[in-house]
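Visitor: Sharing a structure, written as structure tokens. Questions coming.
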Amino acid sequence: MKLTKSLIAGAALTALPTLALAQDAAPGFDEIGPYIMTTLLFCMAGFLVFFMAAGFAMLEGGLVRSKNVTMQMTKNIALYSIAAIMYWLVGFNTMYPGDFNGYFAIGGQTVLDPVGVAAADAALDYASIGSDFFFQLVFVAATASIVSGALAERIKLWPFLIFVVVLTGLMYPISGSWKWGGGWLDAAGFQDFAGSTVVHSVGGWAALAGAIVLGPRLGKYKDGRVNPMPGSNLALATLGTFILWLGWFGFNGGSQLAMGTVGDVSDVSRIFANTNMAAAAGAVTALILTQVLYKKPDLTMVLNGALAGLVSITAEPLAPTLFGALWIGAIGGVIVVFTVPLLDKLKIDDVVGAIPVHLFAGIWGTIAVVFYNSDANLGTQLLGIISYGVFTFVASLVLWFILKAVMGIRVGEEEEITGLDMSELGMEAYPDFSKG
């Protein structure tokens with residue numbers, strides 16, 4: 001027994017130098033910490049942005065009439081699922097192709113890191129492929145949701161979903177590569193921190209093209225008057241707005257793209273505070289303006305005012321002071337209040353106000369970058385806005401016209417009057433209640 005113990009002790013002493021060398025060779029937290037923390041940031045921020053899918057569904061479901069709620073729910077779960085598949089199949093590596101000509105490169109499928117990847121084989125200067133892919137994926141789904149709300153209550157399901165396939169697999173990734181993929185606009189100095197233009201205005205331009213080709217809902221504009229078509233559930237729409245507000249902390253905060261230093265973590269918290277302030281300012285501005293203009297506050301305007309404030313700060317949520325975030329978000333609220341009726345005058349029917357919120361406020365937010373980001377200049381910002389607008393609007397217009405010619409994009413008059421829930425899907429969202 002004593003001999004055995006002596007042998008074990010001797011073997012342990014002999015092995016100590018080897019163990020020490022192995023320990024010395026293992027990377028310390030200073031080396032692997034940034035990778036771990038940034039991967040964690042992408043996962044947590046991605047969860048929040050994913051939850052925005054629920055926010056969009058609730059907002060749209062609340063702002064359409066009850067006879068069309070099931071269709072909006074169907075479109076929202078389908079578009080997110082299609083976006084997830086298309087972004088894996090081609091989108092992610094099209095948006096982030098590595099070395100390319102700066103304008104266009106079609107990528108292949110996304111391949112994740114191997115199971116249990118070793119530190120020596122990981123991208124320690126950034127994050128895991130899986131977390132990066134997931135974080136970028138939830139953004140493209142948000143873009144498609146913008147289109148869904150604007151074109152509600154009269155578009156057929158399958159042509160819309162075909163549009164989503166092209167938007168999420170090709171259109172959004174190609175234009176996204178111009179800035180976030182290191183393309184020509186990034187080289188030119190265009191600044192868009194989290195996507196006022198890259199995400200929101202792209203969705204807005206696609207929605208605008210669709211609304212023009214599709215036409216307004218029956219009875220919306222008649223005898224020179226705009227006929228209001230109230231939504232089915234403003235409580236649901238309000239809850240959806242709060243969920244979108246929550247998700248935006250991930251949307252903007254995760255776009256810091258790093259959480260490995262004290263400065264990075266501090267910047268993420270600064271982004272959270274600025275994001276929140278802009279939303280609050282947009283909501284309060286819309287609340288006051290609608291009271292002044294219409295003698296009564298308009299809840300739907302207040303909800304969209306908050307969202308417009310969020311879109312406005314998204315292009316530069318880090319650099320402004322809290323006061324800067326306040327006035328940038330407040331102007332977003334002003335934009336919504338005045339551009340919603342402007343679209344009605346042009347007889348462009350946007351059911352949920354997506355175009356004012358995401359397109360017009362997105363343009364404003366991209367311009368507002370010049371006030372706090374010393375690397376931005378107005379000419380380059382306008383170049384980016386125009387480039388994204390021309391590409392997305394023209395490509396969307398062409399695709400909508402093709403879909404209209406080949407299969408039709410609008411339901412018939414009788415189906416629209418009945419409601420898309422029954423005519424397209426054969427089921428109602430609220431079967432125990434009277435139709436709205």
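The values are calculated or read from the model by the stated rules, or taken from the named source; none is laboratory data. Everything numeric here is computed off the predicted structure, so don't read it as measured data. Here the Cβ positions follow ideal geometry from the backbone for every residue, glycine too, while neighbour counts run over all protein chains shown.
Visitor: Kindly evaluate residue 126 against the criterion of being aromatic (Phe, Trp, Tyr) and not in a helix (DSSP H, G or I).
Guide: Working: aromatic (Phe, Trp, Tyr): yes; not in a helix (DSSP H, G or I): yes.
Criteria met by residue 126.
Visitor: Continuing with the same structure: Could you pull out every one of the helices (runs of 4 or more DSSP H) wholly within the stretch 172-245 that has 3 or more residues that are out of contact with any Leu (no Cβ under 9 Å at 6 or more places or on another chain)?
Guide: Correct list: 172-179, 184-188.
Visitor: If you take the residues in the stretch 85-97 that are in contact with a helix residue (DSSP H, G or I) (Cβ under 6 Å, 6 or more places away or on another chain) and within 15 Å of residue 135 (Cα to Cα), which one is surrounded by the most Cβ atoms within 10 Å (Cβ to Cβ)? If you could, list the steps in order and put the result at the bottom.
Guide: From the stretch 85-97, those in contact with a helix residue (DSSP H, G or I) (Cβ under 6 Å, 6 or more places away or on another chain) are 86-87, 90-92, 94-95; that's our starting set.
Then drop every residue that is not within 15 Å of residue 135 (Cα to Cα), which leaves 86-87, 91-92, 95.
Numbers: 86: 25, 87: 26, 91: 29, 92: 25, 95: 25.
So, considering only residues that are in contact with a helix residue (DSSP H, G or I) (Cβ under 6 Å, 6 or more places away or on another chain) and within 15 Å of residue 135 (Cα to Cα), the one surrounded by the most Cβ atoms within 10 Å (Cβ to Cβ) is 91.
Visitor: Restricting the search to the stretch 305-322, which residues are part of a helix (DSSP H, G or I) and either closer than 16 Å to residue 195 by Cβ or touching a His at 6+ places or on another chain (Cβ under 7 Å) (or both)? Can you show your working first?
Guide: Of the residues in the stretch 305-322, the ones part of a helix (DSSP H, G or I) are 305-314, 322.
307, 308, 309, 310, 311, 312, 313, 314, listed by residue number.
Visitor: Could you look through the stretch 40-54, keep only residues that are among the small types (Gly, Ala, Ser) and surrounded by fewer than 24 Cβ atoms within 10 Å (Cβ to Cβ), and pick out the one that is farthest from residue 149 (Cα to Cα)? Don't jump to the end; show me each part of the working.
Guide: We begin by selecting, within the stretch 40-54, every residue among the small types (Gly, Ala, Ser); these are 45-46, 53-54.
Still in the list and also surrounded by fewer than 24 Cβ atoms within 10 Å (Cβ to Cβ): 46, 53-54.
Working: 46: 22, 53: 12, 54: 13 Å.
Here the answer is 46.
Visitor: Okay, moving on. Assess whether residue 298 counts as being in contact with a strand residue (DSSP E or B) (Cβ under 8 Å, 6 or more places away or on another chain) and either surrounded by fewer than 24 Cβ atoms within 10 Å (Cβ to Cβ) or at pLDDT 95 or above (or both).
Guide: On the way: in contact with a strand residue (DSSP E or B) (Cβ under 8 Å, 6 or more places away or on another chain): no; either surrounded by fewer than 24 Cβ atoms within 10 Å (Cβ to Cβ) or at pLDDT 95 or above (or both): yes.
No.
Visitor: When you look at residue 317, is it free of Cβ contacts under 8 Å to residues at least 24 places away in the same chain and of a type outside the set (Lys, Arg), yes or no?
Guide: On the way: free of Cβ contacts under 8 Å to residues at least 24 places away in the same chain: no; of a type outside the set (Lys, Arg): yes.
No: the conditions fail for residue 317.
Visitor: Further question: Regarding the stretch 267-275, can at least one residue be identified that is surrounded by fewer than 21 Cβ atoms within 10 Å (Cβ to Cβ), in a helix (DSSP H, G or I) and in contact with a Phe, Trp or Tyr (Cβ under 8 Å, 6 or more places away or on another chain)?
Guide: yes
Visitor: Got a sec? Which of 353, 362, 389 is in contact with a helix residue (DSSP H, G or I) (Cβ under 6 Å, 6 or more places away or on another chain), on the phi > 0 side of the Ramachandran plot and crowded, with 17+ Cβ neighbours inside 10 Å?
Guide: Residue meeting the stated conditions: 353.
Visitor: Can you tell me which of 368, 325, 361 is hydrophobic (A, V, I, L, M, F, W, C), within 27 Å of residue 230 (Cβ to Cβ) and part of a helix (DSSP H, G or I)?
Guide: On the way: 368 fails: within 27 Å of residue 230 (Cβ to Cβ); 325 fails: within 27 Å of residue 230 (Cβ to Cβ).
Going through 368, 325, 361 in turn, the sole match is 361.
Visitor: Can you pull out the residues in the stretch 148-159 that are closer than 14 Å to residue 59 by Cβ and of a type in the set (A, V, I, L, M, F, W, C)? Before the answer, list the steps.
Guide: As a first pass, look at the stretch 148-159 and keep what is closer than 14 Å to residue 59 by Cβ: 148-150, 152.
Within the stretch 148-159, 150, 152 meet the criteria.
Visitor: Can you find even one residue in the stretch 280-291 that is of a type outside the set (A, V, I, L, M, F, W, C), without any contact (Cβ under 8 Å) to a residue 24 or more places away in the chain and closer than 30 Å to residue 221 by Cα? First the steps, then the outcome.
Guide: Filtering the stretch 280-291 for residues of a type outside the set (A, V, I, L, M, F, W, C) gives 282, 285, 290-291.
Now narrow it down to the ones that are without any contact (Cβ under 8 Å) to a residue 24 or more places away in the chain: 291.
Then keep just the ones that are closer than 30 Å to residue 221 by Cα; that gives 291.
Yes, the stretch 280-291 has at least one match.
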